[in-house]
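To start, the structure under review is shown below, and the notes come after it.
The values are calculated or read from the model by the stated rules, or taken from the named source; none is laboratory data. On a predicted model such as this, the values are computed, not experimentally measured, just so you know. Here Cβ is always computed from backbone atoms with ideal geometry, including for glycine, and neighbour counts include all displayed protein chains. SASA here: full protein model, heavy atoms, side chains in, ligands and nucleic acids out. Shrake-Rupley method; radii C 1.70, N 1.55, O 1.52, S 1.80 Å.
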Amino acid sequence: MADLSLATVSVAAGVLDVAAQATAAAGGGDTAPVGPNRFLYVNNGSGGSITVTIATPGQASGIAIADPTYAVAAGKHAIIPLANVFRGANGRAAITYSGVTSLTVKPFELGQ
């Protein structure tokens, strides 16, 4: 898994080209920082739908919380919240993909 670095979207900076900052998704998955105002940008440039899965390491009343999946259609973009519920032992979210051909990703944080 590759550790994705966080970029800040600043209110003062104005418009940000998030697609230009995205990098190729790793075949074995990626990790990203979690927390308030953080999200994962996903750009599916492939010819088919790709499913993004984020591990949810926690439990509720002793029952494992199911890992959510997000289908990103061919040629589409998605923004997936990186909430604290995804925080693993290393403090990061573990993210996997059903395919990585033409898939780019980048975690962002909304700044001041």
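How would S102, S61 line up by accessible area, probe 1.4 Å, largest first?
Greatest to least solvent exposure: S61, S102.
Of the whole protein surface, R38 contributes about 60 Å² of accessible area at a 1.4 Å probe radius. Of A25, A71, A94, the residue with the greatest mean-square motion in the GNM of the chain, using alpha carbon springs below 10 Å, is A71. With a/c under 1.5 counting as rounded, go ahead and sort the stretch 39-87 into rounded, prolate or oblate using the C-alpha gyration tensor (a ≥ b ≥ c being the square roots of the eigenvalues; past the cut-off, prolate if a/b is larger than b/c, else oblate). Verdict is prolate for the stretch 39-87. Rolling a 1.4 Å probe over the protein heavy atoms leaves V18 with an accessible area of roughly 40 Å². Taking Cα centre as origin and charging only the Cβ of basic (Lys, Arg, +1) and acidic (Asp, Glu, -1) residues, the dipole magnitude of the stretch 1-101 rounds to 120 debye. Taking the helices alone, the chain has a mean residue ellipticity at 222 nm of -500 deg cm²/dmol, built from -39,500 (n - 2.57) per DSSP H run of at least 4 residues and averaged over all its residues. Taking all Cα pairs closer than 8 Å and separated by 6 or more residues, the relative contact order of the chain comes to 43 percent. When a 1.4 Å probe is rolled over the protein heavy atoms, the share of accessible surface on the chain that falls to carbon and sulfur comes to 56 percent.
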